[in-house]
1. Rounded to the nearest 500 deg cm²/dmol, what is the calculated helix-only ellipticity per residue at 222 nm for the chain, with -39500 (n - 2.57) per DSSP H run of length n ≥ 4?
2. Please give every one of the aspartates and glutamates within straight-line cross-link reach of residue 87, meaning a C-alpha to C-alpha distance under 15 Å, and leave out same-chain neighbours fewer than 8 residues apart.
3. Which sequence of 42, 235 reflects their accessible areas, 1.4 Å probe, from the largest down?
4. Within segment 87-114, what residues put their amide N at less than 13 Å from the label point 7 Å along the Cα-to-Cβ vector of residue 184?
5. Of the labelled options [x] 62; [y] 49; [z] 36, which one gives percent of Cα pairs over 37 Å apart as computed for this structure?
6. Multiplying the sequence separation of residue 80 and residue 218 by 0.36 nm and subtracting their Cα-Cα distance, what value in nm do you get?
7. Which whole-number percent is the relative contact order of the chain (Cα, under 8 Å, 6+ apart)?
8. From the backbone phi of segment 293-298, what are the Karplus-calculated ³J(HN,Hα) couplings (6.51 cos²θ - 1.76 cosθ + 1.60, θ = phi - 60°) in whole Hz, Gly and Pro given as x?
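The values are calculated or read from the model by the stated rules, or taken from the named source; none is laboratory data. Just so we're clear, the structure is a prediction, and the values are computed from it rather than from any experiment. FYI the Cβ positions are ideal-geometry reconstructions off the backbone, even for glycines, and counts take in every protein chain you see. Surface areas here come from the heavy atoms of the whole protein model, side chains and all, with no ligands, DNA or RNA. Shrake-Rupley method; radii C 1.70, N 1.55, O 1.52, S 1.80 Å.
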Amino acid sequence: ISLSTGRPRDPMFYMQQNNVFFRVWDRNELSRIRAFCRMLYITHPVIASAVDIYSKFPLTGMELRCKDPSLVEFYETLFFDQLKYPKFLKNLGREYWTTGEAWPFGSFNDVLGVWEDDELLNPDDIEVIRSPFLKEPRFEMKLPQTLRDVLRNRKPEWEFQALMQAYPELARFANNDEARMPVSNTLLRQVKFEADTFNPRGVPILTRGIRSVMQEEMLNAAQDALSDRLATPLILATLGATATELGPNSPWVPTTDDMGEFEELLDAALAADFRVLTTHFATKMDTVFGKEVMPDFGPDFDRLMERQLMVFGLSKTLLTGASEGQTY
C-alpha cells in the first residue's frame, strides 16, 4: 500500500456530505430549515399529527376564571369572540412546534384601551438584535408585503392616504426589501424553542428528526424503484438468426428499419387492450428484473416512525391506539 487515506469521522462533515441541515446559527440555512419543516407538516402524516397534538390538545376546554363575573364576560368577549383566540393560539402553537418560534404581533387601541388585533409574522422577516446595554433583545421587522404593495403602488388610494397620515415614516421602508424597522417589544413578542442557549433565534424541534425523515424518503425511493420494475419489467427482444438456424450459408442480421418496424408493432401490442403479436422464430423475448420479490420494509418504516415520534416524546400507541397490555 503506497497511499492510504483515513475515513472522515467528523459528524459535521458527514451531515454536510449527506445534505442534512444543521447550521442553525446561519440565518439563511435556518430559513431553509423552517421551509423544510413547514413542508413536512403539510405532507408528513406522523409529524403533522405530533405537531397537532402539542398545539391543539392543551387548548381543549380553554376558559377564563375570575371572582368578578363581569370581568370574565368582558375578556371572554374580547379574546374569544373578537380576537378569535381559540384559533389564534392553535396557529401560534403550530408555528412554534413547526418552525421553532412564533411571532405574535398585537395592535393596541389607545382610545378604547384594549387590544384590537393579533397576527402572526413570518420569522424570516424578523431580525433579533442583542445589545450589551439591554437585558432583552430588540426586534426589527420588514414591512408586511401587503403594506409594501400599497405604499409602492399607492393603490387603493384611500389606504395609501390613511397610512401616510397615520404613519408617514413607513414610506422609507417600502422601496427597500431588506430594510427593517424597529418594533416595540410590547407589541411584538418572541415565543421560541430554546434548543440552543446562545442562539437568539428559536430552533425547530424537527431538526432532531431530519435524518430519520431523509432515511424514510430513501426507503420510499427504493420501494418505488422495486415497484416500477415489478409492474413494468424491462423486456429484452432479440432479432436475427444464425446460418445454422436458417439453413443457407448466410445468417440473417436485421437492419435498423427491421428493428424499428418491430418496435412499432411491439409498442402497439403492449398499448392495446387485447394483445396479439405474430412473428417468426428469429425473435426471442425475455424479461429482465421481472422475478424480483418486494422485500418487507415494514420494520424499517416502523423504526423510523418511532424515531420521529421520539423527537416529540410521543409513542406509536398515542396515534394508533393501544392494544391489550400496552400503555400510552
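1. Working: 12 runs with 139 residues, N = 328.
Roughly -13000 deg cm²/dmol at 222 nm, from the helical runs in the chain.
2. Partners found: 52, 63, 76, 95, 117, 118, 119.
3. Largest accessible area first, the residues go 42, 235.
4. 106-114, by backbone N distance to the label point.
5. [y]
6. Details: separation 138, 0.36 × 138 = 49.68 nm, distance 4.50 nm.
Here the answer is 45.2 nm.
7. 15 percent
8. Values, residue by residue: 10, 5, x, 8, 8, x Hz.
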